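Some notes on the structure that comes next.
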Amino acid sequence: MRKALIAANWKMYKTPAEALAFVEAFLPLVASHTRDEIVLFPAHVSLPTVIPAVKNSNVLVGAQNMHWQAEGAYTGEVSAGMLTSLGCTHVLIGHSERRQYFCETDEIVNQKLKTALANDLVPVVCVGEHLDEREANRTEEVLRRQVGRGLINIAPEEAGTVAIAYEPVWAIGTGRTATPELAAEAHLIIRSQVAQMLGREFAEKLRILYGGSVKPENAPALLNQPEIDGALVGGASLDPASFAKIVQYTTF
Ligand code: PEP
């Protein structure tokens, strides 16, 4: 059984004070929840506020992005060492918004992934096709390329903690959700690509999350799909009650 990872991606929302207010409202709602791993991804400026606020709880904190170099003249960037020094445990890599607006390529994803693993951060590597690629029946090709290049030159013993988030770009922030069957189909492609690269045993343990307009209403159907090992939630994770409902999805 793969333990599901339910993650909140707050993108460029919430000041540190607003992030703290979320945590204070959210922690009591999920205090007894042990079934799934819960991770919040606030903006960098809120990390020093959110990390101490979740201490001794069942909630972990990750960063939305980082540079692959240890340090250097990279204005505006943060390093893996800076994140771990704060107590960050996870990091998002290659979110489609980073690929689209900040020109992140599969090669950059690969460099960041290696750095995250070397620094004991749990990387959540995001992949997913655009609408025109799906409509042109290119979903499999896109996913195999993103996973193939993103995870290249990484040995199974190094890659232990990596998780992948399948986020079809047409479903992010649009209110359009992939059906559980369609998401599961994509997850099987990703798992088969990972099996080719890192072996079947590794692929069977790999957590593949779904992301794209996950809401309290559609979370149970998605998360009960055996191929879906968690969710990366944007908009619906900004409200504590809504995100708590997603975390506490009923199993059937
Ligand atoms: C995301 O930010 O990764 C995401 C899936 O956003 P939303 O849930 O708003 O579609």
- Within the stretch 115-130, how many residues turn out to be among the charged types (D, E, K, R) and buried (at least 18 other Cβ atoms within 10 Å of the Cβ)? 1
- Note on the structure: With criteria (1) of a type outside the set (F, W, Y); (2) more than 25 Å from K245 (Cβ to Cβ); (3) more than 16 Å from the ligand (Cβ to nearest atom); (4) not in a helix (DSSP H, G or I), N65 comes up short on (3)
- Item | Test: A231 is touching a residue at least 60 places away in the same chain (Cβ under 8 Å), within 18 Å of the chain's Cα centre (by Cα) and closer than 26 Å to P42 by Cβ | yes
- For the stretch 86-150, please list each of the helices (runs of 4 or more DSSP H) lying entirely inside it that holds at least 2 residues being away from the ligand (no atom under 16 Å from the Cβ), closer than 18 Å to L60 by Cβ and free of Cβ contacts under 8 Å to residues at least 60 places away in the same chain. 106-118
- All conditions in (1) more than 18 Å from L5 (Cα to Cα); (2) touching a Phe, Trp or Tyr at 6+ places or on another chain (Cβ under 6 Å) are true of A171 except (2)
- Message: Going through I208, I189 one at a time, which residue ends up being over 24 Å from G62 (Cα atoms) and not polar (S, T, N, Q)?
- Response: I189
- For residues in the stretch 162-220 being charged (D, E, K, R) and closer than 30 Å to A241 by Cα, which is modelled with the lowest pLDDT? R176
- Item | From A203, A231, residue being over 16 Å from I38 (Cα atoms) and either within 12 Å of the ligand (Cβ to nearest atom) or in contact with a helix residue (DSSP H, G or I) (Cβ under 8 Å, 6 or more places away or on another chain) (or both) | A203
- Matching residues in the stretch 4-55 - criterion: being surrounded by fewer than 17 Cβ atoms within 10 Å (Cβ to Cβ), away from the ligand (no atom under 16 Å from the Cβ) and among the aliphatic types (A, V, I, L, M): A17, A21, A25, L29, A31, V45
- Message: Given (1) out of contact with any Asp or Glu (no Cβ under 6 Å at 6 or more places or on another chain); (2) of a type outside the set (S, T, Y); (3) closer than 27 Å to N137 by Cβ, identify the lone condition not met by I189.
- Response: (1)
- Query: Residues of the stretch 151-189 being within 16 Å of the ligand (Cβ to nearest atom), surrounded by 15 or more Cβ atoms within 10 Å (Cβ to Cβ), in a loop (DSSP other than H, G, I, E, B) and hydroxyl-bearing (S, T, Y), which ones?
  - Reply: T177
- Item | Whichever residue in the stretch 45-97 is of a type in the set (S, T, N, Q) and within 17 Å of the chain's Cα centre (by Cα) and, among such residues, is nearest to L121 (Cα to Cα) | T89
- What number of residues within the stretch 64-118 are under 20 Å from A159 (Cβ atoms) and aromatic (F, W, Y)? 1
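The values are calculated or read from the model by the stated rules, or taken from the named source; none is laboratory data. All values derive from a computational prediction rather than experimental measurement. Glycine gets a Cβ as well: all are built from the backbone with ideal geometry, and neighbour counts include every protein chain shown.
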